[in-house]
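Working notes, beginning with the structure itself.
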Amino acid sequence: MTNPDSTEPASARERLIFALDVDTLDEAERLVKQLADRVGVFKVGPRLFTRVGSLVFDLIHGLGSQVFLDLKFHDIPASVGAAAKEAARHRVKMFTIHALGGSTMIREVANQLAKTTLVPGASPPIPLAVTLLTSHSPEDVRALGFEQPVPELVERLGQMAVRSGAGGIVCSGHEVRELKAVLPPGCVFVVPGIRSPTDVAGDQSRIMTPAAAMAEGATYIVVGRPIRDAEDPQAAAERMVDGIAEGLEARGGS
Ligand code: C5P
């Protein structure tokens, strides 16, 4: 397992990942400035990265925050290994790969990260495996040629990914408890699909509150639109952090 950061994040705030799902560097800058001392990590996905590239890393690092690069790499091992090296060079805290890229691809990511020279004091990024996209229906999964029920397949892919060198898993709050039971201690669980009790679900169908996701065992939660589209994004982020603290307390503070 490649997880140099196997100590749990120290505070509830450090466990909140904000999805920077915007189109321009100006919009990103406005949100990062507003939220840098209220969230721990900013998630950069294909939409913003394709538009502005690594300028967004400079913006986030410049304000003392951390980057989660969510590009879900899935390619031949040499290509994904090289991308992992670049992520490390850019001081990214965590990045995503597809478990379906297979064990050789994931092992190459771990090898390349182990070989990368970092600036003093920096930790290598945590490769997080995405098992099955939640947008896949059971019919889609069967059409891809998998016979197993989705929960079993998620567990199998998660175990394979972590055995091959992933430091954690991106999963739904409804999957954390069972995955945690079969994956090694120190494995990171990053949970999107989070809504406060008063938020609208939008297109997320299997949502959970921050408190419930943490009580189930999440290490980090990912929140996008409920903060981005709130009248007061700072207050919305603070409510999420309060929920994280509440959930941590329910599971005994760990
Ligand atoms: O719905 P919301 O705006 O909070 O989504 C935040 C982020 O979570 C998005 O960037 C999306 O890509 C990610 N995500 C998700 N559902 C998954 C996996 C990732 O919404 N199952």
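Throughout, read-outs are computed from the coordinates displayed, never taken from laboratory work. Because the structure is a prediction, the values reported are computed rather than measured. Every residue, glycine as well, gets a Cβ built from its backbone with ideal geometry; the counts of neighbours run over all protein chains shown.
Table for the structure above
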| read-out | value |
| --- | --- |
| Number of Lys pairs (Cα under 14 Å; 8 or more positions apart or on different chains) in the chain | 4 |
| Along principal axes, Cα extents of segment 44-122, largest first, whole Å | 36, 31, 14 |
| Sites His74 and Glu152 - FRET efficiency at Förster radius 22 Å, r taken between beta-carbons, to 0.05 | 0.55 |
| Extension gain from Leu118 to Leu144, taking 0.36 nm per residue of separation minus the Cα-Cα distance | 5.4 nm |
| Dipole magnitude (debye, nearest 20) for segment 56-96, charges at Cβ of Lys, Arg, Asp, Glu | 120 |
| For Arg38, Arg30, order by how many other beta-carbon atoms lie within 10 Å, fewest first | Arg30, Arg38 |
| Axial C-alpha extent at least 20 Å, average Kyte-Doolittle at least -0.5 - helices from the chain (DSSP) | 150-164, 233-250 |
| Separation of the Glu27 and Arg163 label points, Cα + 7 Å toward Cβ, nm | 4.2 |
| Neighbourhood net charge (12 Å Cβ-Cβ; Lys/Arg +1, Asp/Glu -1) for Ala84 | +1 |
| Rg [Å, one decimal], Dmax [Å, integer] - segment 78-165, C-alpha atoms | 14.8, 49 |
| Neighbourhood charge, 10 Å Cβ-Cβ cut-off, centred on Ser196 and excluding it, Lys, Arg +1 and Asp, Glu -1 | 0 |
| With 5 Å bins from 0: P(r) over the chain, alpha-carbon pairs, percent | 1, 6, 14, 18, 20, 18, 13, 7, 2, 0 |
| Neighbour-count order for Lys115, Lys72, Lys93, fewest beta carbons within 10 angstrom listed first | Lys115, Lys72, Lys93 |
| Relative contact order of the chain, pairs being alpha-carbon contacts under 8 Å that are 6 or more residues apart, as % | 21 |
| DSSP loop GluC sites (Glu not before Pro) with at most 12 other Cβ within 10 Å excluded, longest remaining stretch of the chain | 1-146 |
| Virtual paramagnetic centre 7 Å along Cα→Cβ of Arg177, amide N under 15 Å, in segment 211-240 | 211-218 |
| Coarse-grained scattering of segment 121-212 at q = 0.11, 0.16 Å⁻¹, given as base-10 log I(q)/I(0) from a Debye sum over alpha-carbon atoms | -0.36, -0.73 |
| FRET efficiency, Arg225 to Leu63 (Cβ-Cβ, R0 22 Å, nearest 0.05) | 0.55 |
| Directionally averaged shadow of segment 1-93, computed from the convex hull of its alpha-carbon atoms, nm² | 6.3 |
